[in-house]
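Colleague: Here you go, one structure.
The values are calculated or read from the model by the stated rules, or taken from the named source; none is laboratory data. On a predicted model such as this, the values are computed, not experimentally measured, just so you know. Cβ atoms come from the backbone with ideal geometry, glycine included; neighbour counts cover every protein chain shown.
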Amino acid sequence: MKSAYEIAMERLNKTAPAAKLTGKQKKQLAELDSRYTAKIAEREIALKGEMAKVAGDFEKEKSLREQLVHERKKLQAELEDKKEQVRRDSAA
């Protein structure tokens, strides 16, 4: 007997089957992940260094934390856009 989850996944795959990726596309996706992980880490290190310099000034620390969150979200969105581009190229 199948669970509701399994039934839902079967239906989803019938309406929108997962695209098969080539080895080249998998490599491109891995490279994108690696590159953006490094970019995010770089920004975190830089902004945490700035936060250490302004320790005690809560307004500046708060501003830097918000900037870090904003930049992390921006880079994640950029990564997802590029990954989607690679996936779309497989469908073309």
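Colleague: List the number of the failed condition for Gly56; all other conditions in (1) more than 26 Å from the chain's Cα centre (by Cα); (2) in a helix (DSSP H, G or I) hold.
Modeller: (2)
Colleague: Still on this structure: From the residues in the range 23-56 that are of a type in the set (S, T, N, Q) and more than 14 Å from Gln76 (Cα to Cα), which one is surrounded by the most Cβ atoms within 10 Å (Cβ to Cβ)?
Modeller: Across the range 23-56, the extreme among qualifying residues is Gln28.
Colleague: Restricting attention to the range 37-92, which residues are among the hydroxyl-bearing types (Ser, Thr, Tyr) and modelled with pLDDT of 90 or more? Spell out the reasoning first.
Modeller: Just the residues of the range 37-92 that are among the hydroxyl-bearing types (Ser, Thr, Tyr), to begin with: 37, 63, 90.
Thr37, Ser63 - these are the residues of the range 37-92 that are among the hydroxyl-bearing types (Ser, Thr, Tyr) and modelled with pLDDT of 90 or more.
Colleague: Starting from the range 20-40, take each residue that is more than 11 Å from Lys83 (Cα to Cα) and among the charged types (D, E, K, R) and list its partners that are surrounded by 15 or more Cβ atoms within 10 Å (Cβ to Cβ) and at pLDDT 90 or above, counting only C-beta distances under 7 angstrom and pairs at least six apart or across chains.
Modeller: Lys39/Leu75
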